[in-house]
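Here is the structure we will look at, set down as structure tokens.
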Amino acid sequence: MATAPTHPRARPFSELMLDFLAYLELERGLSRNTLDAYRSDLMQFSGFLDGEGRDALSADPRLLRKFVTELASGARGRPAVAPATVQRKVACLRSFYRHLRREGVRDSDPTAAITSPRRGRKLPRVLSRDEINTLLAAPRGSEPASLRDRALLELMYACGLRASEAIGLELADLDMEEHVLRARGKGSKERVVPVGRAAVDALRIYLERGRPALVRAAGEAHLFVNFRGGPLTRQGLYKIVRRHAAAVGLADRMSPHTLRHTFATHLLAGGCDLRSVQEMLGHADVATTQLYTHLSSDRLKDVYFKAHPRARV
């Protein structure tokens, strides 16, 4: 005699969760860290369901929205969860309920209409004009390393170079007469970037008096070299930037990428158009470059108050 099927609502949450985690591990091959995170997220959801007197199989979109809202705003004596963490937990629940639907445990997905809070994009730190001038003047003296450091900082700020692009530069990439260089960006994509007068002057001095004293092996192609005469490494570049930033009181505001952020922000503040900045930065999508427009509001306010007929009434 056939046994009557167990009503799905009788299955405890722990059983549903373990079945789901087994599927993730055996069929999708997720890592142990990911499985642990999903287990933690589901246990939190289970506690929420208990508090509401509900179970996973009777949960509806309204209940799911309440759970997400409590995560984002904080409730039940717990602090609010960061948007990125909320997104992860919602992704976990979506995957969980899709699995239940595939297995025939549920005939609908209550997460289909759930939206998680957008992950806010953190604005990068940039230096003011006075701060960048102070930093660029930090490498003092005529020692070869000081001449190298001055040229390196000037060039990274003048061209908005990534750390990997700066250490990858070769002598053949420079055109000192035309004041341009060839940078190799992500995905080995090349672009031509203008080089300002101050950076060109610093480079000339480094190439004449600094680099020859550092290079020991003939045929070294890299522009920037270390004290042993070999190519400067990413770690070496980072130490150079941090050392000079610390010397002028900017240690807590600086990384090599700060110079790139500052380059883009200062260009936009000076009136450069967005597409040109995108090209110089090597961004594939202009939306990435638009991040810097949020940092240039001071110029917009200046233009507004000078131009709008009702701004100063």
In segment 46-100, the residues that are of a type in the set (G, A, S), open to solvent by 60 Å² or more (accessible area, probe 1.4 Å) and modelled with pLDDT of 90 or more: G53
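Using the structure shown, decide if R211 is at pLDDT 85 or above, under 18 Å from N133 (Cβ atoms) and buried (at least 18 other Cβ atoms within 10 Å of the Cβ). Before the answer, list the steps.
Numbers: at pLDDT 85 or above: yes; under 18 Å from N133 (Cβ atoms): no; buried (at least 18 other Cβ atoms within 10 Å of the Cβ): yes.
No, not satisfied.
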Residue in segment 142-157 that is in a helix (DSSP H, G or I), open to solvent by less than 20 Å² (accessible area, probe 1.4 Å), without any contact (Cβ under 8 Å) to a residue 60 or more places away in the chain and not small (G, A, S) present: yes
Scan of segment 101-125 for residues that are of a type in the set (G, A, S), farther than 30 Å from R260 by Cβ and either loosely packed, with under 12 Cβ neighbours inside 10 Å or at pLDDT 90 or above (or both), ordered by number: G104, S108, A113
Hits in segment 158-190 - residues which are touching a helix residue (DSSP H, G or I) at 6+ places or on another chain (Cβ under 7 Å) and without any contact (Cβ under 8 Å) to a residue 40 or more places away in the chain: M176, H179, L181, R182, R184
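Yes or no, residue by residue, for (1) at pLDDT below 90; (2) surrounded by 11 or more Cβ atoms within 10 Å (Cβ to Cβ); (3) closer than 20 Å to R101 by Cα:
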residue	(1), (2), (3)
T6	yes, no, yes
L21	no, yes, yes
E25	yes, yes, yes
M43	no, yes, yes
Filter result for the condition that a residue is outside any loop (DSSP other than H, G, I, E, B) and either open to solvent by 20 Å² or more (accessible area, probe 1.4 Å) or small (G, A, S) (or both), over R260, R242, R228, R216: R242
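Would you confirm, using the coordinates I've provided, whether S31 is free of Cβ contacts under 8 Å to residues at least 24 places away in the same chain, of a type outside the set (D, E) and surrounded by fewer than 15 Cβ atoms within 10 Å (Cβ to Cβ)?
Working: free of Cβ contacts under 8 Å to residues at least 24 places away in the same chain: yes; of a type outside the set (D, E): yes; surrounded by fewer than 15 Cβ atoms within 10 Å (Cβ to Cβ): yes.
So S31 passes the test.
Does segment 78-103 hold any residues that are assigned to a loop (DSSP other than H, G, I, E, B) and within 19 Å of R28 (Cβ to Cβ), and which are they?
Here is the first cut: in segment 78-103, the ones assigned to a loop (DSSP other than H, G, I, E, B) are 78-82, 103.
Matches in segment 78-103: E103 only.
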Residue ID - nearest to L267 (Cα to Cα), chosen from residues in segment 165-194 that are open to solvent by 10 Å² or more (accessible area, probe 1.4 Å), among the aliphatic types (A, V, I, L, M) and over 25 Å from the mean Cα position of the chain (by Cα): V180
Test: residue in segment 191-203 that is assigned to a loop (DSSP other than H, G, I, E, B), without any contact (Cβ under 8 Å) to a residue 40 or more places away in the chain and of a type outside the set (G, A, S): no
Flag for Y238 being at pLDDT 90 or above and within 18 Å of the chain's Cα centre (by Cα): yes
Among (1) over 14 Å from A112 (Cβ atoms); (2) in contact with a Phe, Trp or Tyr (Cβ under 9 Å, 6 or more places away or on another chain); (3) part of a helix (DSSP H, G or I) - the single one G47 does not satisfy: (2)
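The values are calculated or read from the model by the stated rules, or taken from the named source; none is laboratory data. Fair warning: this is a prediction, and the values are worked out from it, not measured in the lab. Cβ: placed from backbone, ideal geometry, glycine included. Neighbour counts: every protein chain shown. The accessibility values were calculated without ligands, DNA or RNA, using every heavy atom of the protein model including side chains. Shrake-Rupley method; radii C 1.70, N 1.55, O 1.52, S 1.80 Å.
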